[in-house]
Amino acid sequence: MKHVLVVANETMTGPSLIAAVQSRQPDLVTVLAPISNPHAGYVVYEDTRRAAAGRRLERTLTKLREAGIPAHGLVVDSDPADAVRDAIAMLEPRPTEIIVSTHPQEKSGWLRRKVIDRVRDAAGGLPVEHIVVNVGNEGGEANVLVIANETVVGDPLLERIRERAARSPASFLIICPQSDPSSAEHPEAERRLRRALAILRAEGIDAHGQVAHPDPYTAAMQAIHDERTDEIIVSTFAPERSPWMKRNLIQRLHNDSKLPVEHVVLEEAAV
């Protein structure tokens, strides 16, 4: 039996990956969607990440089944290489080959962490093929990084996220730099973030978030390192009130990330 093990997350719905699987005419496909947490961050809302991965997984399984390929899958919390090792040990029948799908080099956290090499080590001699999927070119959803703290529940930012979500498929990662680096608890930042996520998710917008490093530039660049990012939205108070703007945050992010950066201003204090 030809049993193909597919390891992917954000790229799994890409047509090129689906075509690569179909070309093998497998008897069975198992799809694993590992969820990796950021390497830095005080609070990570894993439920939203898991839900988003689950939706992508279901779309992928539906496409494979519509093509007449028996397929099942799991969202897993483990590192991709560990997930492969566990799957080989547990799955029956045993996989006969492995496909790992990633973003291109410049946007792939997995490639930066040398996941392909580690999967090959974990594969125990099974053939491993690496498929590169450029989600943007294949009509997939964009990843939008949002940086905001006290303004995160302000109407200007929420309305801008709604407008972006309506324009084309997008997933939003909201980073709230915490205010007091000496404290282990950040209840106000968490409260604002939870409120913003609740509002957006109630409207069907794919959003997740975390309370992160107190410096917004550092928090943003850490997030870009951890996850594929296509666009950035920064929300602040008016320039004369915002310490972020006094540190030239917008231009620094644009220069160093090489990504489009949009600035949303809240003129009044957020509730």
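Before moving on, here are some points about what is shown:
- Test set (1) closer than 30 Å to Trp110 by Cα; (2) buried (at least 22 other Cβ atoms within 10 Å of the Cβ); (3) among the hydroxyl-bearing types (Ser, Thr, Tyr) - Thr218 fails condition number: (2)
Condition check ((1) outside any helix (DSSP H, G or I); (2) touching a strand residue (DSSP E or B) at 6+ places or on another chain (Cβ under 8 Å); (3) closer than 15 Å to Ile147 by Cα) across all residues:
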{"residue": "Glu163", "(1), (2), (3)": "no, no, no"}
{"residue": "Cys176", "(1), (2), (3)": "yes, yes, yes"}
{"residue": "Ala196", "(1), (2), (3)": "no, yes, yes"}
{"residue": "Leu200", "(1), (2), (3)": "no, yes, no"}
{"residue": "Gln222", "(1), (2), (3)": "no, yes, yes"}
{"residue": "Ser235", "(1), (2), (3)": "yes, yes, yes"}
{"residue": "Trp244", "(1), (2), (3)": "no, yes, yes"}
{"residue": "Leu253", "(1), (2), (3)": "no, yes, yes"}
{"residue": "Leu259", "(1), (2), (3)": "yes, yes, yes"}
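- Condition met for Val119 (surrounded by 19 or more Cβ atoms within 10 Å (Cβ to Cβ) and either assigned to a helix (DSSP H, G or I) or in contact with a Gly (Cβ under 7 Å, 6 or more places away or on another chain) (or both)): yes
- Of the criteria (1) of a type in the set (Gly, Ala, Ser); (2) touching a residue at least 40 places away in the same chain (Cβ under 8 Å); (3) part of a helix (DSSP H, G or I), which one Gly209 fails: (3)
- Within region 236-253, residues that are in the same structural domain as Val153 (by TED's automatic domain parsing) reach partners that are modelled with pLDDT of 90 or more and of a type in the set (Phe, Trp, Tyr) with beta carbons closer than 7 Å, at six or more positions or on different chains, in the pairs Thr236/Trp244; Leu249/Tyr217; Arg252/Tyr217; Leu253/Tyr217.
- Thr229 being buried (at least 22 other Cβ atoms within 10 Å of the Cβ) and among the β-branched types (Val, Ile, Thr): no
- Neighbours by Cβ (under 9 Å, 6+ apart or cross-chain): first from region 58-76, among the charged types (D, E, K, R); second surrounded by 18 or more Cβ atoms within 10 Å (Cβ to Cβ) and part of a helix (DSSP H, G or I): Lys63/Ile18
The values are calculated or read from the model by the stated rules, or taken from the named source; none is laboratory data. Note that this is a predicted model, so its numbers are computed, not measured. Cβ atoms come from the backbone with ideal geometry, glycine included; neighbour counts cover every protein chain shown.
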